[in-house]
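This report refers to the structure that appears directly beneath it.
None of the figures in this text is laboratory data; all of them are computed from the coordinates on show. None of these values were measured; they are calculated from a predicted model. Don't worry about glycine lacking a Cβ; one is built from the backbone with ideal geometry, like all the others, and counts go over all protein chains shown.
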Amino acid sequence: AYKVLLMGNSHSAALHPVLEELLNLGQPGKTIDVQVSPSTGFLDERVNDGFSEQDLEREAWTHVILQGQRYSTSGSTSYPTDAAEYWVRGAKEQGATPIMFPEHPREGNTWEGEALWELHKNIALRENTCVAPVGLAWDELVFTAPSLVLHDPDGNHASEMGSLLTALVFYPIITGQPVESLPDLSTFGIDAATEQLMKDAAVATLFLYSPCDYDS
C-alpha cells in the first residue's frame, strides 16, 4: 500500500488528485491513499499551529511530501530552513519517507528551477531526505517543447498538464519504479507525442539529478 500525505499550500492541493490518479494507474494491484493536509501554508507556519502535528501523526504514512519552504522571488533574500528540517525529522519519526517538493518556476522564469533545487538539496544534505527535481523537469520540458502549456493563466500555479509533469517526477521516487513502466496516459487528456515528451523530460531530469541518497 501507498499512503501519501501532502503538506503544503495551493501547489500541493493541485498535485493531490493528479498524483493519486497516476499512482492508481501505475500500481493497479496496490492500495493507494493520497491525502492533502487540511491545514495549509508555508512549512514555518505549520510549526506549533495545532493541526499539522496531528495530520502527521494520525495515520501510518509511507511517504510525506513537504512543500512550502519560503524563498525569495527576487533571489535577494535567504530564509531559514529550520521548519523544513523539523518536518523532515518528524516524518522519519513516524516511519515515513520524507520527500521535499521544490515548486516549479513561474512562467517565463529561467532561474527559479535551479535555485529551488539547490535550496532544497542543501536541506537534504543536512537531514538526508529525498528532493523531487520538479523545477528542473519543468525547465527541461519548456526547453524541448515550449508550446506546451504548463501554467494556469496566473503564470504561477500548474495547469493540469503541469501537475501531471510534477506527478511524473514523484512517481518513481514513491514507487521505486521507472517512469517508463507507466502505461498509456491518455486518460489525462494528452496525445501519445505529448506523453512521450513529458515522460522523456521526467526521465532525463531524474537521471541527472538524483532525488535521494543525500546522507549527511
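What's the Kirkwood radius of the stretch 141-216 in Å, using all Cα pairs?
13.3 Å
With Cβ to Cβ distances under 14 Å as the rule, what net charge do the other residues near residue 1 carry (K, R +1; D, E -1)? Before the final figure, lay out each step's value.
Details: positive: 3, 30; negative: 20, 33, 59.
Here the charged neighbours net out to -1.
Once the other residues with Cβ under 14 Å from the Cβ of residue 47 are scored (Lys, Arg +1; Asp, Glu -1), what is the net sum?
-4
Using a Gaussian network for the chain with springs between C-alpha atoms less than 10 Å apart, which of these wobbles most: 79, 71, 171?
Maximum fluctuation in the GNM of the chain, among the listed residues, is at 79.
Counting residues in the stretch 28-99 as N, plug N into 2.2 N^0.38 Å and put the Cα Rg over that result.
On the way: Rg = 13.7 Å, N = 72, 2.2 N^0.38 = 11.2 Å.
Its radius of gyration relative to the 2.2 N^0.38 Å reference: 1.23.
Quick one: compute the contact order of the stretch 42-112, relative version, from alpha carbon pairs under 8 angstrom and 6+ residues apart, as a percent. Show your work: numbers first, answer last.
Numbers: 77 pairs, mean separation 26.4, N = 71.
Once normalised by length, the contact order is 37 percent.
Please provide three numbers in whole Å: the alpha-carbon extents of the chain along the principal axes, with the largest listed first.
46, 46, 32
Rounded to a whole number of µm²/s, how large is the Stokes-Einstein D of the stretch 1-127 at 25 °C and 0.890 mPa s, given Rh as the Kirkwood radius over C-alpha pairs?
Details: Rh = 15.2 Å.
Result for D is 161 µm²/s.
GNM on the chain, C-alpha springs below 10 Å: top fluctuator among 17, 133, 146?
Judging by the Gaussian network model, the answer is 146.
Take each complete run of DSSP H in the chain, measure how far its Cα atoms stretch along the helix's own axis, and keep only those covering 18 Å or more with mean Kyte-Doolittle hydropathy at least -0.5; list them. It would help to have the intermediate numbers written out before the result.
Values: long enough: 10-26 (25 Å, 0.37); 112-127 (22 Å, -0.68); 160-175 (22 Å, 1.38); 192-208 (24 Å, 0.79).
For the chain, where a helix must reach 18 Å along its axis and average at least -0.5, the hits are 10-26, 160-175, 192-208.
Cα centroid distance between the stretch 64-80 and the stretch 136-166, in Å?
That distance is 20 Å.
Highest GNM mean-square fluctuation, the chain, Cα pairs closer than 10 Å: which of 25, 43, 206?
25
Using per-residue counts of other Cβ atoms within 10 Å, averaged over each peptide, order 115-122, 57-64, 160-167, 83-90 from highest down. Spell out each step's value before the answer.
Details: 115-122: 18.9, 57-64: 15.9, 160-167: 23.1, 83-90: 20.6.
Highest mean packing first, the order is 160-167, 83-90, 115-122, 57-64.
In Å³ and rounded to a whole number, note down the convex hull volume per residue for the Cα atoms of the stretch 95-197. If you can, show how the numbers build up before the last one.
Values: hull volume 11.4 nm³, N = 103.
Value for the stretch 95-197: 111 Å³ per residue.
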